[in-house]
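Okay, structure first, notes after.
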Amino acid sequence: MGVWLMAGITFREAARKKILWTALLAGLGFLVVFGIGLRFQVGDLQNSQVPPFLRYQVISAMLIIGLYTVDLLAVVMTTLTSVDTISGEITSGTIHAIATKPLHRWEILIGKWLGFVLMTAVYVAILFGGAVAEGYYFGGVMAQHPVRGGLLVFLECIVALSVTFMFGTWFSTLTSGVITLGLLGVAFLGGWLEQMSGFTEGSRLAMVGILTSLIMPSEALWRRAAFEMESPLSGALQFSPFSDVSIPSGAMVGYACAYLLVALAIAVYHFGDRDL
Amino acid sequence: MRKVFGGKVAVRDLTLSVRRGEIFGFLGPNGAGKSTSIKMLLGLAKPSGGEASVLGAPAGNVEVRKKIGFLPENFRFYEWLTPAELLHLHGRLCGVSSARLSQRVPALIDLVGLTPHSNKRLQNFSKGMMQRAGLAQALIHEPDIIFLDEPTSGLDPLGRHMVRDIIRAERDRGATVFLNSHLLSEIEITCDQVVFIREGEVVTSRDMHAPEEEVVNIDVRAGKISPDCVWGLARWTTAVEVNEEHMTIKALSRACLPDILRYLVTSGAEVYQFTPQRMSLEELFISVMGEDRGF
């Protein structure tokens, strides 16, 4: 009961403070630009001598790049909107009126986490679904496994959310935001290094990429999502930066799930144990 | 209870008991450990040593919190809520039924004087209005014990009067009120028992209904007070100040009062007024805590 009350109030807070609407507005702006770009590209390709199968691959690659933008927007939005919820309420003392109610501390934390999970789900569904629909409507292309891809992007957001919550039980809003975004940056760089290693078959570069994925598996989840969504031909011909050069395994997805659960468990434990 | 933050002792050795149904004043200078002690009693902070029980259960027990109300110092809450939404949320967190809340919320909003502002969001509230909303959320579930941490710090005189009435009404309902305030005059007219703490230890306590036993100030108006008469008072007093017909006497004990009065009359003084003064809480506070040491 307490968990769902906290989840509801967290979701309502995001809506009432216009966080959700602002993020959605920015996302819709992206969809408009992406739709216009797709339409122009399709028109240009139709007026050119490019063979139809190649046109399809180019539009597919464009769709993947659009979905990568959705992925980045969703992860950053998740981090920025949730970073203040634990640390900010501890600093301001707002938490005192809640933590003295007949609730276990884990109910407060998990309730807030669920509220943000719900908000992130709405956000990813609208943006990801919108980008996929635009790809189909304007370009006639469909991601190979859009549901799998969408779930992996959602999982990536939840990993970022859990890490943000974990640091929020220790540090101030600013510090936990800086650490989480820093980790996402490291994962971003590591992912690209691992991708680059595939072109040169450099094992040392690949090792750096794998290590960064173990430290923060967010980018690995995106590359797995890209693999699931790209057409096999497009991936093999390396039409997009996310072609099948270095594909994170299913074990990495399992690792990311375990990673987020551990981060959440640490957050629950530390929030329950600390003085408020 | 004891609480240490790093190497700093916030509460050294706090031992106290509060009777059910009384208004308990918790006094001390800044940094005495009052808020930390309240946090430990509410389960917001864990004691480094010792233990406490509230309503018969260990401090912080989740079930017992259904019977506890708390107004934090500088109450803050989600600013996008209206007072009614705030009370509904806190009521539901305390397990109050929707039917009960539909009656209780408007009544409480009225009680704390927020009816004209019931549709405004908290972000538009002054400090005093937030304090009123915070007081209402502390009472929403009709708790058995209410912790009020500086409940009148942001209120005007009318607001303070309202809080006093509410505290008394809660005591009459049977609730215990644990009151932390710097406004000693209010504590004095409201509380049944007070304790003074310094550096996390109880320095002294006072039962506000018990007869005075310690040194008593006597306010005397009398004529024909001779120097010899003043000297003769020394056997029952620690100090005597004379200003024309006004004399202030610090008597050794309440038991000395008849002897002093008898002596004054037999010494030829014309006594118009002889009024024993109970030491005010403020005087007691200063005598117990000493001068301001920059806490």
Boolean, B:Asn74 is over 21 Å from the mean Cα position of the chain (by Cα), farther than 21 Å from B:Val202 by Cα and either assigned to a loop (DSSP other than H, G, I, E, B) or facing chain A (nearest Cβ under 9 Å) (or both): no
Those residues of the range B:69-122 which are in contact (Cβ under 8 Å) with a residue 24 or more places away in the chain, over 18 Å from A:Ile98 (Cβ atoms) and of a type outside the set (A, V, I, L, M, F, W, C) amount to B:Arg104, B:Gly113, B:His117, B:Ser118, B:Asn119, B:Lys120, B:Arg121
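For (1) within 24 Å of A:Phe227 (Cβ to Cβ); (2) within 14 Å of chain B (Cβ to nearest Cβ); (3) not in a helix (DSSP H, G or I), each residue gets a yes or a no:
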{"position": "A:Phe11", "(1), (2), (3)": "no, yes, no"}
{"position": "A:Leu25", "(1), (2), (3)": "no, no, no"}
{"position": "A:Gly29", "(1), (2), (3)": "no, no, no"}
{"position": "A:Arg39", "(1), (2), (3)": "no, no, no"}
{"position": "A:Val42", "(1), (2), (3)": "no, no, no"}
{"position": "A:Leu45", "(1), (2), (3)": "no, no, no"}
{"position": "A:Val50", "(1), (2), (3)": "no, no, yes"}
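Would you mention how many residues in the range B:41-59 are buried (at least 16 other Cβ atoms within 10 Å of the Cβ) and either more than 9 Å from every other protein chain (Cβ to nearest Cβ) or over 23 Å from the mean Cα position of the chain (by Cα) (or both)? Walk me through it before giving the result.
Applying the first criterion (buried (at least 16 other Cβ atoms within 10 Å of the Cβ)) to the range B:41-59 yields B:41-45, B:47, B:52, B:54-55, B:59.
Restricting the remaining residues to those that are either more than 9 Å from every other protein chain (Cβ to nearest Cβ) or over 23 Å from the mean Cα position of the chain (by Cα) (or both) gives B:41, B:47, B:52, B:54-55, B:59.
Result for the range B:41-59: 6.
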In the set B:Leu87, B:Leu135, B:Leu158, the lone residue that is assigned to a helix (DSSP H, G or I) and away from chain A (no Cβ under 13 Å) is B:Leu158
Do the conditions hold for A:Gly35, that is, is it within 10 Å of chain B (Cβ to nearest Cβ) and under 23 Å from the mean Cα position of the chain (by Cα)? no
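Of everything in the range A:118-174, what is among the hydroxyl-bearing types (Ser, Thr, Tyr) and within 17 Å of A:Phe34 (Cα to Cα)? Give them in sequence order. Give the derivation first.
Initial filter on the range A:118-174 (among the hydroxyl-bearing types (Ser, Thr, Tyr)): A:120, A:123, A:136-137, A:162, A:164, A:169, A:172-173.
Within the range A:118-174, A:Tyr123, A:Tyr136, A:Tyr137 qualify.
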Restricting to the range B:47-68, what's the tally of residues that are outside any loop (DSSP other than H, G, I, E, B), closer than 14 Å to A:His104 by Cα and in contact with a strand residue (DSSP E or B) (Cβ under 8 Å, 6 or more places away or on another chain)? 1
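Here's a check for you: in the range A:160-182, which residue that is aliphatic (A, V, I, L, M) and surrounded by 24 or more Cβ atoms within 10 Å (Cβ to Cβ) is nearest to A:Trp106 (Cα to Cα)? Outline the logic, then answer.
Filtering the range A:160-182 for residues aliphatic (A, V, I, L, M) gives A:160-161, A:163, A:166, A:174, A:178-179, A:181.
Remaining after also requiring surrounded by 24 or more Cβ atoms within 10 Å (Cβ to Cβ): A:160-161, A:163, A:166.
Working: A:Ala160: 19, A:Leu161: 16, A:Val163: 16, A:Met166: 13 Å.
That would be A:Met166.
Can you say whether B:Ala133 is closer than 30 Å to A:His270 by Cβ and in contact with a helix residue (DSSP H, G or I) (Cβ under 7 Å, 6 or more places away or on another chain), as far as the supplied structure shows? Explain how you work it out, then say what you get.
Numbers: closer than 30 Å to A:His270 by Cβ: no; in contact with a helix residue (DSSP H, G or I) (Cβ under 7 Å, 6 or more places away or on another chain): yes.
Taking the combined requirement at face value, the residue does not satisfy it.
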Quick one: is B:Glu188 touching a Lys or Arg at 6+ places or on another chain (Cβ under 8 Å) and more than 16 Å from B:Ser267 (Cβ to Cβ)? no
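Across the range B:232-259, what is the total count of residues that are in a helix (DSSP H, G or I) and either among the aliphatic types (A, V, I, L, M) or at pLDDT 90 or above (or both)? Full working, then the answer.
We begin by selecting, within the range B:232-259, every residue in a helix (DSSP H, G or I); these are B:232-235, B:254-259.
Adding the requirement that they be either among the aliphatic types (A, V, I, L, M) or at pLDDT 90 or above (or both) leaves B:232-235, B:255, B:257-259.
Counting residues in the range B:232-259 that are in a helix (DSSP H, G or I) and either among the aliphatic types (A, V, I, L, M) or at pLDDT 90 or above (or both) gives 8.
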Farther than 30 Å from B:Ser17 by Cα, of a type outside the set (Ser, Thr, Tyr), in contact with a Lys or Arg (Cβ under 8 Å, 6 or more places away or on another chain) and surrounded by 14 or more Cβ atoms within 10 Å (Cβ to Cβ), is that true of B:Leu114? yes
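Can you go through B:Ser205, B:Ser287 and tell me which one is outside any strand (DSSP E or B), modelled with pLDDT under 90 and of a type in the set (Ser, Thr, Tyr)?
That would be B:Ser287, the only listed residue that is outside any strand (DSSP E or B), modelled with pLDDT under 90 and of a type in the set (Ser, Thr, Tyr).
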Taking the range A:93-106 as the search range and keeping residues that are at the interface with chain B (Cβ under 9 Å from one of its Cβ atoms) and farther than 18 Å from B:Lys67 by Cα, which one is surrounded by the most Cβ atoms within 10 Å (Cβ to Cβ)? A:Ile95
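The values are calculated or read from the model by the stated rules, or taken from the named source; none is laboratory data. Computed from a predicted model, the values in this text were never measured in an experiment. Neighbour counts run over all protein chains shown; Cβ positions are idealised from the backbone, glycine included.
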